[in-house]
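The values are calculated or read from the model by the stated rules, or taken from the named source; none is laboratory data. These numbers come from a predicted model, not from an experiment. Ideal geometry is used to build each Cβ from the backbone, glycine not excepted, and the neighbour counts take in all protein chains shown.
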Amino acid sequence: MNKADLIEQIAEETGINKKLANDVINSITKAITEALKKGDKVTIVDFGTFSVSHRAARLGRNPRKDAPPGKISIKAKKVAKFKAGKLLGASI
C-alpha cells in the first residue's frame, strides 16, 4: 500500500473527500516528524511508538572491495525507530 492507496481507503471509510484525507495524512506525518526532531516519543495506543535512537560513530568497510574493516569512517547520527503496539503486532 502506498500513500495514494491509504488516502483512498481513508476517504472511502470515513466519507470524506480525498483532498481532506490527504491533508489529514500530511498533518499526522508532519506532527510526528516535528516531535521526533525535538527528541520526543510519539505513542499511538494499540498501534505503536515512534522514537529517536542514536547510532554511534563506527568504522566500516567498502563491500565492493576486499579491504578489512576500518577503512571508512561512518559518522554518528540519529535515526527514527518504530515499535509496534500489542494490538498491531497481534493483528498481523
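Of note:
- Single match in 25, 16 (criterion: assigned to a helix (DSSP H, G or I) and of a type outside the set (Lys, Arg)): 25
- Residue 30 vs. criteria among the basic types (Lys, Arg), modelled with pLDDT of 95 or more and assigned to a helix (DSSP H, G or I): yes
- Boolean, residue 73 is surrounded by fewer than 12 Cβ atoms within 10 Å (Cβ to Cβ), outside any helix (DSSP H, G or I), at pLDDT below 95 and of a type in the set (S, T, N, Q): yes
- The numbered conditions (1) part of a helix (DSSP H, G or I); (2) within 22 Å of residue 85 (Cα to Cα) are all true for residue 46 except (1).
- Of the set (1) touching a residue at least 24 places away in the same chain (Cβ under 8 Å); (2) of a type in the set (Lys, Arg); (3) in contact with a helix residue (DSSP H, G or I) (Cβ under 9 Å, 6 or more places away or on another chain), all apply to residue 41 but (1).
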